[in-house]
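S.K.: Sharing a structure with you now.
The values are calculated or read from the model by the stated rules, or taken from the named source; none is laboratory data. None of the values given here were measured: they were computed from a predicted structure. Positions of Cβ are backbone-derived with ideal geometry, glycine not excepted, and every protein chain shown enters the neighbour counts. Heads up: the accessible areas ignore ligands, DNA and RNA and are worked out on the full protein's heavy atoms, side chains in. Shrake-Rupley method; radii C 1.70, N 1.55, O 1.52, S 1.80 Å.
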Amino acid sequence: MTQDLTAFIAGLPKAELHLHIEGSLEPEQMFEFAQRNGVTLPFDSVEAIRAAYAFSNLQDFLDIYYAGAGVLLTKADFHDLAMAYFRRLAADGGRHAEIFFDPQAHTDRGVPFSVVADGLLSAMDEAEKTLGVTSKLILCFLRHLDEDAAFETLKQAEPYLDRIAGVGLDSSEVGHPPSKFARVFKAAADKGLKIVAHAGEEGPPEYVWEALDLLAVDRIDHGNRALEDEALTKRLVVEGKTLTVCPLSNLKLCVVGDLTDHPMKRMLDLGLKATVNSDDPAYFGGYLNDNWLAVAKATNLTRDDLITLAKNSFTGSFLSKDQIAEHMAAIDAYAAAN
Ligand code: HPA
Ligand code: ZN
């Protein structure tokens with residue numbers, strides 16, 4: 001490393017492929033939105049909110065995440081939320097993001113799909129114009145809800161399909177396997193949408209097999225537990241399937257006990273197309289570069305590993321071939337100069 005690790009990571013062109021926009025809601029913003037919308041929060045200070053962010057598993061976190069999302073009511077809320085995220089991403093040297101949103105977390109509270117989508121899309125347009133950051137939108141189905149609800153959400157998305165890149169699957173994993181949503185993902189694929197799914201975060205390797213075989217995913221979100229299954233790992237390598245890995249999330253949700261035990265280095269050494277992502281940065285204690293730096297230090301990533309991770313973030317994206325080629329050239333130029 002010819003320069004400080006922090007500076008090298010900061011300057012490296014990179015994309016974020018696993019980011020729940022509702023998970024970028026900072027406690028300060030939660031107060032601000034609650035105040036302007038007349039919502040009462042069960043916390044009386046930013047410190048009290050932060051103190052509540054101690055999770056022992058995914059469900060602990062999700063309970064607080066859905067409660068927090070309750071302050072988001074207007075198009076301006078979704079716009080401001082997303083712009084704050086894009087500013088952070090640009091400051092981290094992020095050039096592109098593929099952001100998840102959970103429409104059912106809002107429509108189930110009476111907030112129309114159009115309010116959510118219009119707010120996010122206007123921020124995406126503004127971020128491209130003012131920050132030079134490109135982005136794509138991925139609609140996630142909540143897997144703890146039923147198939148009918150997912151189909152209803154896909155129907156609500158119909159007027160926006162030209163601006164939605166893909167569909168994903170998130171929320172409580174164990175007990176809600178990908179097979180539960182095979183038909184709705186088939187319907188989404190038939191509409192030309194890309195397919196991703198959270199699998200192997202807490203759920204077993206079988207859920208990753210299902211995501212591949214039954215949902216025909218383009219990427220796996222997380223995928224940590226795939227490493228428990230040698231044949232599955234081999235398949236992911238052979239197919240060059242991108243894994244959107246989230247180190248600080250894995251630590252905060254106790255998917256790993258300590259970051260030094262994180263499988264990132266092992267994934268790269270096995271030839272898996274891993275990427276680094278922040279998942280829900282406001283809840284897990286770090287944005288994109290915080291994740292890069294923490295996992296690089298804890299698992300002794302080399303300079304070549306970091307360059308591979310940066311390249312994986314673009315080759316695993318849903319950008320066009322030409323756009324990907326431009327980003328690869330920018331990474332090569334950066335690596336040559338640093
Ligand atoms: N896992 C599953 N569902 C989620 C997450 C996550 O990390 N964040 C927001 N919804
Ligand atoms: Zn996630």
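S.K.: Please report, in debye to the nearest 20, how large the charge dipole of the chain is about its Cα centre when each Lys and Arg carries +1 at its beta carbon and each Asp and Glu carries -1 there.
M.R.: The dipole of the chain has a size of about 740 debye.
S.K.: If you add up the charges near residue 109, with Lys and Arg at +1 and Asp and Glu at -1, over every other residue whose beta carbon is less than 14 angstrom from its beta carbon, what do you get?
M.R.: Charge balance near residue 109 sits at -4.
S.K.: Would you calculate a helix-derived [θ] at 222 nm for the chain, using -39,500 (n - 2.57) for each DSSP H run of n ≥ 4 and dividing by the full residue count, to the nearest 500?
M.R.: -15000 deg cm²/dmol
S.K.: Multiply the residue separation of residue 330 and residue 191 by 0.36 nm, subtract the distance between their alpha-carbon atoms, and state the gained length in nm to one decimal. Kindly include the intermediate steps, with their values, before the conclusion.
M.R.: Working: separation 139, 0.36 × 139 = 50.04 nm, distance 3.31 nm.
Separation in residues times 0.36 nm, less the Cα-Cα distance, equals 46.7 nm.
S.K.: Please state, as a whole number in µm²/s, the translational diffusion coefficient that the Stokes-Einstein equation yields for the stretch 33-96 at 25 °C and 0.890 mPa s, with Rh defined as the Kirkwood radius across alpha carbon pairs. Walk me through the numbers before you get to the answer.
M.R.: Details: Rh = 13.7 Å.
For these conditions, the coefficient is 179 µm²/s.
S.K.: Give me the 1.4 Å probe accessible area per residue for the stretch 3-337, excluding ligands and nucleic acids, in Å².
M.R.: Values: 12570 Å² over 335 residues.
Here the per-residue accessible area is 38 Å².
S.K.: Follow-up question, since we're still on this one. If Rh is defined by the Kirkwood formula over all Cα pairs and Rg also comes from Cα, what ratio Rg/Rh do you get for the stretch 277-316?
M.R.: Using Cα coordinates only, the ratio equals 1.00.
S.K.: Return the FRET efficiency for the residue pair residue 76, residue 322: r is the Cβ-Cβ distance, R0 is 35 Å, and the value is rounded to the nearest 0.05. Intermediate values should be presented prior to the final figure.
M.R.: Details: r = 35 Å, r/R0 = 0.99.
That gives a FRET efficiency of 0.50.
S.K.: Over its Cα atoms, what ratio of radius of gyration to 2.2 N^0.38 Å does the stretch 94-199 give?
M.R.: The stretch 94-199 yields a ratio of 1.07.
S.K.: May I have the convex hull volume per residue, in Å³, for the Cα set of the chain?
M.R.: In the chain, the Cα hull volume divided by residue count equals 125 Å³.
S.K.: Using label points projected 7 Å from each Cα along Cα→Cβ, tell me how many nm separate residue 32 and residue 146, to one decimal.
M.R.: Label-label distance for residue 32 and residue 146, simple model: 4.0 nm.
S.K.: Connecting C-alpha atoms closer than 10 Å in a GNM of the chain, tell me which of 43, 101, 181 has the biggest fluctuation.
M.R.: In this elastic network of the chain, the residue with the biggest mean-square fluctuation among 43, 101, 181 is 43.
S.K.: What's the carbon and sulfur percent of the chain's accessible surface, probe 1.4 angstrom, rounded to a whole number?
M.R.: So the carbon and sulfur contribution to the accessible surface is 51 percent.
S.K.: Hey, another quick one. Kindly give Rg over Rh for the stretch 1-45, based on alpha-carbon atoms, with the Kirkwood expression for the hydrodynamic radius.
M.R.: 1.27
S.K.: For a distance above 13 Å, tell me the whole-number percent of Cα pairs in the stretch 230-291 that qualify.
M.R.: Of all Cα-Cα pairs in the stretch 230-291, 62 percent lie more than 13 Å apart.
S.K.: Report the gain in length on full extension from residue 60 to residue 237: 0.36 nm times residue separation, minus Cα-Cα distance, nm rounded to one decimal.
M.R.: Extra length available between residue 60 and residue 237 comes to 60.5 nm.
S.K.: Dipole magnitude of the stretch 193-338 about its Cα centre, charges +1 at Lys/Arg Cβ and -1 at Asp/Glu Cβ only, in debye to the nearest 20?
M.R.: 360
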